[in-house]
Amino acid sequence: MKKIIIISLLFFLSACAGTGTKNYSSISYEAPSDQAVLFVGRKNRYIASAALPKILLDGQEIARLGVGEMERMNISTGAHKLQTKIGNVLQLGTGGDSTSFVAEKGKKYFFIIDYDQKLLSASWSIVETTEGGFQGSLN
């Protein structure tokens with residue numbers, strides 16, 4: 001019985017870890033001249049801390065962000081669609097969000113993912129921000 005409890009606990013705890021990073025000092029905020037850079041971060045708030053929303057770019061999953069985590073990726077120029085969706089069955093009934101943007105060479109794009117709790121509903125939101133606003137929301 002102890003083994004089952006320990007294995008279940010380890011499985012649950014590992015499910016709370018996202019694919020992003022909290023080591024912000026290792027992230028380069030520079031954009032290469034031939035590509036654009038996308039930064040996606042999740043606010044550092046306790047609410048919905050066990051939930052890991054899926055972050056999709058143009059329909060492809062790029063991250064599952066835990067509280068205070070961020071993801072950086074070089075992207076091609078042109079039109080893109082950024083989406084949030086529920087990450088597992090525990091989030092059923094939680095809505096997602098999407099936004100579109102046009103990336104230009106050498107530019108940086110910052111987006112914050114947040115959990116919006118209302119009286120009878122909840123949803124993930126995406127908000128575009130500045131580099132300073134992005135860094136401030138992760139701390």
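Each value in this text was obtained by applying a stated rule to the coordinates, not by laboratory testing. All values derive from a computational prediction rather than experimental measurement. Reconstructed Cβ throughout: ideal geometry from the backbone, glycine too, with neighbour counts over all protein chains shown.
Local charge sum around residue 124 (other residues, Cβ-Cβ under 13 Å, Lys/Arg +1, Asp/Glu -1)?
+4
Cα-Cα over 23 Å: which of 85/105; 54/105; 81/107; 43/85?
Those over the limit are 85/105; 54/105.
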